[in-house]
Amino acid sequence: MNTLLIIDMQNAWLDNPAQPCFDTAGVVGRINHAARHIRAQGGKVIFVQHADAHARIGSAPWQVIAALEKHATDGTLDKLAGDSFAATDLAAQLAASATSTVYVCGFATEFCVDTAVRAAASRGLRVVALSDAHTTADRPHLAAPAIIAHHNWVWSGLPVPADASLTVCTTAQAFPA
């Protein structure tokens, strides 16, 4: 089974006019496209939601942005750290569903998305980073498009355990129309 992890696409991070994310509308469209394909193939979609002082569980900032298509059959996972696997049951959920490939997308490229890609690969999973379905905001030292390009490049050459794989491709390559 294939699983799509949608990392931290929440109001607190994406609905922030002071720090807009790169290509949010395009990223959301590609995430929805990937989720529709995963569901149609009988796979699992998991919305990972970060909680902290700015996005308390259940609050409006903590909610997934309305533009994402969320189905009743989709899973949710609350996390309190940058690592979706830390102090959560994500590894158990993936094992229980016999996940063969984990597709990763969401926010923020250099923080929680990067950590999810690396943590999944370190656990021996087959990982696909959707190169055009993750986003971030400009940072003081680097613009968002450069951060995204840099991480796609790093993941493309990142050594992973022998029992794992890490592929970087566009959403259209992973899920042709």
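Just to be sure I understand: with springs between alpha-carbon atoms less than 10 Å apart, which residue in 139, 126, 39 has the highest mean-square fluctuation in the Gaussian network model of the chain?
Checking each option, the largest mean-square fluctuation is seen for 139.
In deg cm²/dmol and to the nearest 500, what is the mean residue ellipticity at 222 nm of the chain if only DSSP H runs of at least 4 residues count, each as -39500 (n - 2.57), divided by the residue total?
After summing the helix terms and dividing by residue count, I get -9000 deg cm²/dmol.
Check residue 131: other-chain or 5+ apart residues with amide H under 5 Å from its amide H, H built from backbone geometry?
169, 170, 171
Give the accessible surface of the chain per residue, rounded to a whole number of Å², with probe radius 1.4 Å and ligands, DNA and RNA excluded.
Value for the chain: 45 Å² per residue.
Residue by residue through segment 42-59, which ³J(HN,Hα) values in whole Hz follow from phi under the Karplus form 6.51 cos²θ - 1.76 cosθ + 1.60 (θ = phi - 60°), with glycine and proline marked x?
For segment 42-59, the Karplus curve yields x, x, 10, 10, 10, 8, 8, 10, 7, 10, 7, 4, 8, 9, 6, 3, x, 6 Hz.
When the gyration tensor of segment 1-96 is built from Cα positions, what are the square roots of 5 times its three eigenvalues, in whole Å, from largest to smallest?
Output for segment 1-96: semi-axes of 22, 18, 10 Å.
Taking Cα pairs under 8 Å and at least six residues apart, what relative contact order does the chain come out at, in percent?
After rounding, I find 27 percent.
Compute a Gaussian network model of the chain, connecting alpha carbons closer than 10 Å, and tell me which residue from 96, 120, 35 fluctuates the most.
With Cα springs under 10 Å in the chain, the top fluctuation among 96, 120, 35 is at 96.
May I ask for log10 I(q)/I(0) of segment 33-86 at q = 0.12, 0.23, 0.25, 0.31 Å⁻¹, from a Debye sum over the Cα atoms as equal point scatterers with solvent left out?
The computed values of log10 I(q)/I(0) come out as -0.31, -0.95, -1.03, -1.22.
Out of 98, 144, 121, any idea which swings most in a Gaussian network model of the chain, alpha carbons joined below 10 Å?
98
For segment 45-177, which whole-number percentage of the solvent-accessible area (1.4 Å probe, protein heavy atoms only) is attributable to carbon and sulfur atoms?
60 percent
List, in order, the whole-Hz ³J(HN,Hα) value for each residue of segment 133-142 obtained from phi through the Karplus relation with A = 6.51, B = -1.76, C = 1.60 and θ = phi - 60°; use x for Gly and Pro.
Residue by residue, segment 133-142 yields 10, 9, 9, 7, 9, 4, 10, x, 9, 7 Hz.
Considering every Cα-Cα pair within segment 117-171, what fraction, in whole percent, is farther apart than 15 Å?
The calculated P(r) of segment 117-171 puts 48 percent of pairs beyond 15 Å.
When the C-alpha atoms of the chain are aligned to their principal axes, what extent does each axis show, in angstrom, from largest down?
42, 35, 34
Quick one: Karplus J couplings for segment 163-177, per residue in order, coefficients 6.51, -1.76, 1.60, θ = phi - 60°, nearest Hz, x for Gly and Pro?
8, 10, 8, 9, 10, 10, 8, 6, 4, 5, 5, 6, 9, x, 5
Which value results for Rg/Rh of segment 64-139 when Rg is the Cα radius of gyration and Rh the Kirkwood radius based on the inverse mean 1/r?
Ratio of gyration radius to Kirkwood radius for segment 64-139: 0.95.
The values are calculated or read from the model by the stated rules, or taken from the named source; none is laboratory data. Just so we're clear, the structure is a prediction, and the values are computed from it rather than from any experiment. Surface accessibility is based on the protein's heavy atoms, side chains included, excluding ligands, DNA and RNA. Shrake-Rupley method; radii C 1.70, N 1.55, O 1.52, S 1.80 Å.
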